[in-house]
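A short write-up of the structure that comes next.
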Amino acid sequence: MIKKGFIFDLDGVIVDTAKYHFLAWRNLANSLGIDFTEKENEQLKGVSRVKSLEKILQWGNKTLSEDEFMENMARKNQEYLSYINKMDDSEILPDVPKILNYLVESKQPISLGSASKNARAILKKVNLFDTFDAIVDGTNVSKAKPDPEVFLNAAKELKMNPEDCIVFEDSVAGVQAANNANMISIGIGEASVLHEADYVFKDFTEISTEFIQQLIEK
Ligand code: BG6
Ligand code: MG
């Protein structure tokens, strides 16, 4: 049987948590006297929690002591978790279950490849924790996307060669990470933003099971 490794980013691919990151970062930035709009939020997609706060401080020309930095990161995450705790499977993005079910039925190995340290909690909230054969997230990686580490670790967990893996990503850094790992990259979002991806779809409603089958057989 032909097998490919299918690796999914979480935020913006499986669930639309970008809106919760936005609310929590905006409140935090505003409390520091820093403006924060959707435009800035876009630049934080795929970016780790530490790097995100560093960027916000840079935009606002602010510096914090190490203790203040840690305290602000914790405060942001506390608010973010208050949104996450209210999530359920209605927040899974359209047609994601269609593709996941197809992969499960065709016995293809599936991994998560996310920068988030909250990934396991979110997967449990939306009832997808048991769907994945492997979970690689912000707690298992040291180098942030576009470094390929997260996806290479996922391939290793699935016992697949990187060239036989396919990555679904909504961020530019994530698409670059997949390309850097020598994997097939599938961008989920705007083609103008994700032009480095091998394929781009607006969302999973545009992805057919025939297309997935072609990827498996390629
Ligand atoms: C990524 C998100 O998946 O995870 C980023 O796109 C986020 O916006 C990053 O900053 C880290 O997430 P967390 O949950 O560990 O703060
Ligand atoms: Mg993402």
Straight-line reach from residue 124: which lysines have a Cα under 20 Å away, not including same-chain ones fewer than 8 places off?
19, 86, 98
Would you grab the residues whose amide H sits under 5 Å from the one on residue 200? Only those 5+ places off in sequence or on another chain, please, with H modelled 1.01 Å from N.
187
Taking residue 156 as the anchor, which lysines have their alpha carbon closer than 22 Å to its alpha carbon, excluding any fewer than eight residues away along the same chain?
3, 4, 107, 117, 143, 145, 218
Please determine, in degrees from 0 to 90 and to the nearest 10, the orientation of helix 96-105 with respect to the longest principal axis defined by the Cα atoms of the chain, where the helix direction is its Cα long axis.
40 degrees
If I model a spin label at residue 43 and residue 130 as a point 7 Å from the Cα along the Cα→Cβ vector, what separation in nanometres do I get?
4.4 nm
Determine ³J(HN,Hα), in whole Hz, for all residues of the range 28-42 in sequence, where each value follows from phi through the Karplus function 6.51 cos²θ - 1.76 cosθ + 1.60 and θ = phi - 60°; x replaces Gly and Pro.
5, 4, 4, 5, 9, x, 10, 5, 8, 10, 4, 5, 5, 4, 4
What percent do you get for the relative contact order of the range 18-84 when only Cα pairs under 8 Å and 6+ apart count?
46 percent
Counting only protein heavy atoms and rolling a 1.4 Å probe, one gets per residue an accessible area for the range 120-186 in Å² of 43 Å²
So what is the 222 nm mean residue ellipticity for the chain from helices alone, if each DSSP H run of at least 4 adds -39500 (n - 2.57) and you divide by all residues, rounding to the nearest 500 deg cm²/dmol?
-13000 deg cm²/dmol
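Filter the trypsin sites (Lys or Arg not before Pro) in the range 130-204 down to the DSSP loop ones having no more than 13 other Cβ atoms within 10 Å, then list what survives. All intermediate terms of the calculation are to be shown ahead of the outcome.
Working: sites: 143, 156, 159, 202; in loops: 143, 159, 202.
Passing both the DSSP loop test and the Cβ count: 143, 159, 202.
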List the residues, sorted by chain then number, that are 5 or more residues from residue 112 or on another chain and whose placed amide H is less than 5 Å from its amide H.
8, 134, 135, 136
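Suppose every Lys and Arg Cβ carries +1 and every Asp and Glu Cβ carries -1, with no other charges. What dipole size does the chain come out with about its Cα centre, to the nearest 20 debye? Intermediate results must be reported in sequence, preceding the final value.
Working: 25 positive and 35 negative charges, 82 e Å.
Around 400 debye, computed over the chain.
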Could you work out the relative contact order of the chain, using alpha carbon pairs under 8 angstrom and six or more residues apart, expressed as a whole percent?
25 percent
Can you tell me the orientation of helix 66-84 relative to the chain, as the angle in degrees between its alpha-carbon axis and the longest Cα principal axis, to the nearest 10?
50 degrees
Checking the cross-link filter: which aspartates and glutamates have an alpha carbon closer than 17 Å to that of residue 125, excluding same-chain neighbours under 8 positions apart?
9, 11, 16, 79, 88, 89, 91, 137
Name the long-range amide H neighbours of residue 165: under 5 Å, sequence gap of 5 or more, or other chain; modelled H, no Pro or chain starts.
5, 184
Accessible-area ranking of 47, 104, largest first, probe 1.4 Å
104, 47
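The values are calculated or read from the model by the stated rules, or taken from the named source; none is laboratory data. No experiment lies behind these values; they were computed from the predicted model shown. No Cβ is skipped: glycine too gets one built from the backbone with ideal geometry, and neighbour counts run over all protein chains shown. SASA here: full protein model, heavy atoms, side chains in, ligands and nucleic acids out. Shrake-Rupley method; radii C 1.70, N 1.55, O 1.52, S 1.80 Å.
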